[in-house]
Amino acid sequence: MSEKDQTASPTIESILNENRMFHPSAEFAAQAHVGSLEELERWRARGEADPEGFWAEMAQQLHWFKPWTKVLDWQPPHAKWFVGGTTNISYNCLDRHLTSWRRNKAALLWEGEPGDSRTLTYQQLHREVCRFANVLKKFNVKKGDRVALYMPMVPELAIAMLACARIGATHSIIFGGFSADALKDRINDAGCKMVVTADGCWRRGTEVKLKPAVDDALLHTPTIENCIVFQRTGTKVHMEVGRDHWWHEMMATVNADCPAEELDSEHPLFILYTSGTTGKPKGILHTTGGYLTQVALTTKWVFDLKEEDVYWCTADIGWITGHSYVVYGPLANGATVLMYEGAPNFPEPDRFWKIIDDYRVTIFYTAPTAIRAFIKWGEQWPLRHQLSSLRLLGTVGEPINPEAWMWYHKIIGKGRCPIVDTWWQTETGAIMITPLPGATPTKPGTATRPLPGIQIEIQTKDGHPVGANQGGYLVIKRPWPSMLRTIWGDDERYRQQYWSEIPGVYFAGDGARRDEDGYHWIMGRVDDVINVSGHRLGTAEIESALVSHETVAEAAVVGRPDDLKGQAVVAFVTLEGGRTGNDELKQKLREHVAKEIGSLAKPDDIRFADMLPKTRSGKIMRRLLREIAASGVVAGDVTTLEDFSVLEKLRTDEE
Ligand code: WTA
């Protein structure tokens, strides 16, 4: 292969050549909430001329106990939305629907991996939430306290979230794939008072245990007073006397009377940890009124949500997508939400398609990495099922390559369903750049244009807008309702990471370009964050996990393009005291990372080296490592490299 062939990125190339356009069908547009480009442009003009008026109009559609006195208080980089207003997101997701026929509508349709299923109507969900809120109170959890949720995809996770929100406790959900160490760090960072977990859950036919990780974590979490354990699998678990309590036993001791607290619009709703450029994960803080407003609006508009829909977002609730688009957004709209516990390929690779047919799912929202896995498994699996109930498809989490988009369009959508490619982040809380399905003509591979009320620009590092089709940094120029408010306990880092890279604007950390139609093409992260199967991982976090192993002297972690996962994790490692690496040690290091962070961060590839390439000032040259990881060849500038022989060595190691 020539050097050019090896270094060219197929994704970027094909994206550049992409000019197919798909218009909303007249039939879809006729029934859509926003049914034409003209209408969308009118909203955009409104959002441009009077963003605060626009968002206030959207917020008015929700329930407020007390109206706000000021829409936005912007003291850069701190925003307060709907100042002086009081509301409650649990009230908006539940109580509001109980006064009409909706009380008997299915709120949650849940299917366990073994095939068991449950349905909770709004009335039933409300009852469970009120009861669990009373359990929280019984254990002295108060407004402002933090509660850690480390749970599988069971209705009780949504119940626990809504119960916390109901009494004003701030939840911090830790994805069940994280290790005991990661759980411990997150509990301690937020100073959580309680943890809610389960004995285990089902994944690919086997039981995954959760409680043992909690037991390990709780050896080093001084702020935790109690632990509530939901029984899912029935496996035997250790129950620490005085600390651990069964969910079902506690629920039997309380009644269902628990009015929602009137909370300030800026009351902290949740903390969600995400990876950044340094080793320590950032606790992204979201508050109540603005978050509710933007997730409710985007769920309605972007998914064109209607009363009769069966809506399914496949994300785990442990990630932001699950917070905003499995629980809060859809329930605030009174939707019927499907929730599935397990793997997409159990017992066979058609499980998702079977679920869609069984429940007559109409809206399906998933990640490009999942779509690429479906493509790999083969179209015979979806073709076994009708999929005739589907009317809208969505994607999130990473750029979707046009080939995957076309496959999704043809094989799953049968050419009938609009696709909404939605760009947003843990920090933005809700969707920011997206088509509206009845209005926006789409092109495979682009999230198209910002929502009304959202102002996005592509800029150079010194803050100048770039021209059409020029790459630059994606920034957000105005505060938006569901924006993060700070990093928990580290406001300085909040200012620095998001508002100082390019002064005066929010720095998203993504590279992008805008084409001649004003459509945004996301080119991926520009910082040391990699996106593996739609999950954000900080390379620094994996490096510090590797270095904490006794044999490792130094480590550098980079991403390499991967057909299935988007990016794969490659670690370059130097060992202590002239040790030499071997396959056994590679395995040990992979396990060590799994223990420190979780299996999702395990390096796909570990390469041992005598030295890492560094600049004269001692900075690891990640760009070179990225090139080596991707292609084995270094094409870029190496003039600042301290020792060229290091490069030679890294290259020969691969052969
Ligand atoms: C990437 C997930 C291209 C992006 C909601 C962003 C995307 C990061 C898209 C946030 C998309 C998300 N097209 N890239 N439609 N959606 N990303 O915090 O790099 O887990 O910065 O939030 O995912 O990941 P996070």
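The values are calculated or read from the model by the stated rules, or taken from the named source; none is laboratory data. Keep in mind that this is a model prediction, so the values were computed, not measured. Positions of Cβ are backbone-derived with ideal geometry, glycine not excepted, and every protein chain shown enters the neighbour counts.
Structure above, values below:
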| item | result |
| --- | --- |
| Residue in segment 485-508 that is within 14 Å of the ligand (Cβ to nearest atom), without any contact (Cβ under 8 Å) to a residue 24 or more places away in the chain and closer than 25 Å to Ser324 by Cα present | no |
| The one condition in (1) outside the structural domain of Val505 (by TED's automatic domain parsing); (2) touching a strand residue (DSSP E or B) at 6+ places or on another chain (Cβ under 9 Å) that Asp95 fails to fulfil | (2) |
| Segment 362-384 - residue that is of a type in the set (A, V, I, L, M) and out of contact with any helix residue (DSSP H, G or I) (no Cβ under 7 Å at 6 or more places or on another chain) and, of those, farthest from the ligand (Cβ to nearest atom) | Leu383 |
| Number of the exception - Trp101 against (1) free of Cβ contacts under 8 Å to residues at least 60 places away in the same chain; (2) crowded, with 21+ Cβ neighbours inside 10 Å | (2) |
| Cβ pairs under 9 Å, 6+ apart, first in segment 129-149 and assigned by TED's automatic domain parsing to the domain that holds Cys227, second of a type in the set (Lys, Arg) and assigned to a helix (DSSP H, G or I) | Val129/Arg166; Cys130/Arg166; Phe132/Arg166; Ala133/Arg166; Leu136/Arg166; Ala148/Arg186 |
| Glu584 vs. criteria out of contact with any strand residue (DSSP E or B) (no Cβ under 9 Å at 6 or more places or on another chain), under 27 Å from Gln497 (Cβ atoms) and modelled with pLDDT of 90 or more | no |
| Matching residues, segment 86-115, being small (Gly, Ala, Ser) and out of contact with any helix residue (DSSP H, G or I) (no Cβ under 6 Å at 6 or more places or on another chain) | Ser100, Ala106, Gly112, Gly115 |
| So Leu157, is it in a helix (DSSP H, G or I), aliphatic (A, V, I, L, M) and either buried (at least 24 other Cβ atoms within 10 Å of the Cβ) or touching a residue at least 40 places away in the same chain (Cβ under 8 Å) (or both) | yes |
| Test: residue in segment 396-409 that is buried (at least 20 other Cβ atoms within 10 Å of the Cβ), within 16 Å of the ligand (Cβ to nearest atom) and of a type in the set (Asp, Glu) | yes |
| Filtered residue count, segment 64-77, keeping only those that are in contact with an Asp or Glu (Cβ under 8 Å, 6 or more places away or on another chain) and closer than 17 Å to Glu261 by Cβ | 2 |
| Residue satisfying all of: in segment 52-75; closer than 15 Å to Ala332 by Cβ and among the polar types (S, T, N, Q); surrounded by the fewest Cβ atoms within 10 Å (Cβ to Cβ) among these | Gln60 |
| Number of the condition not met by Thr574 [criteria: (1) farther than 25 Å from Trp424 by Cα; (2) not in a strand (DSSP E or B)] | (2) |
| Residue check, Ser548 under 26 Å from Trp319 (Cβ atoms) and over 27 Å from the mean Cα position of the chain (by Cα) | yes |
| Considering residues of segment 415-436 that are within 13 Å of Ala29 (Cα to Cα) and either of a type in the set (A, V, I, L, M, F, W, C) or near the ligand (Cβ under 9 Å from one of its atoms) (or both) only, the residue surrounded by the fewest Cβ atoms within 10 Å (Cβ to Cβ) | Cys417 |
| Conditions (1) among the aliphatic types (A, V, I, L, M); (2) buried (at least 24 other Cβ atoms within 10 Å of the Cβ); (3) within 12 Å of the ligand (Cβ to nearest atom): number failed by Leu451 | (3) |
| Residue in segment 160-199 that is surrounded by the fewest Cβ atoms within 10 Å (Cβ to Cβ), counting only those that are touching a residue at least 60 places away in the same chain (Cβ under 8 Å) and part of a loop (DSSP other than H, G, I, E, B) | Gly177 |
| Residues located in segment 369-413, provided they are modelled with pLDDT under 95 and of a type in the set (Ser, Thr, Tyr) | Thr369 |
| Unmet requirement for Gly200, which otherwise passes all of (1) under 25 Å from the mean Cα position of the chain (by Cα); (2) within 15 Å of Ile271 (Cβ to Cβ) | (2) |
| Total residues in segment 460-484, condition within 16 Å of the ligand (Cβ to nearest atom) and either crowded, with 22+ Cβ neighbours inside 10 Å or not aromatic (Phe, Trp, Tyr) (or both) | 9 |
| Check on Asp527, surrounded by fewer than 20 Cβ atoms within 10 Å (Cβ to Cβ) and either more than 30 Å from Gln75 (Cβ to Cβ) or out of contact with any strand residue (DSSP E or B) (no Cβ under 8 Å at 6 or more places or on another chain) (or both) | no |
| Members of segment 200-248 found to be aromatic (Phe, Trp, Tyr) and in a loop (DSSP other than H, G, I, E, B), listed by number | none |
| Residue ID - farthest from the ligand (Cβ to nearest atom), chosen from residues in segment 509-529 that are among the β-branched types (Val, Ile, Thr) and either touching a residue at least 60 places away in the same chain (Cβ under 8 Å) or assigned to a helix (DSSP H, G or I) (or both) | Val529 |
| Strands (runs of 3 or more DSSP E) lying entirely in segment 313-406 (those with 1 or more residues that are over 21 Å from Ala158 (Cα atoms)) | 392-396 |
| Residues of segment 530-549 satisfying the condition of being within 9 Å of the ligand (Cβ to nearest atom) and either free of Cβ contacts under 8 Å to residues at least 40 places away in the same chain or assigned to a strand (DSSP E or B) (or both) | Asn531, His535, Arg536 |
| Near pairs, Cβ below 7 angstrom, 6+ apart or cross-chain, from segment 426-444 (polar (S, T, N, Q)) to any residue that is near the ligand (Cβ under 9 Å from one of its atoms) and part of a loop (DSSP other than H, G, I, E, B) | Thr434/Ala447 |
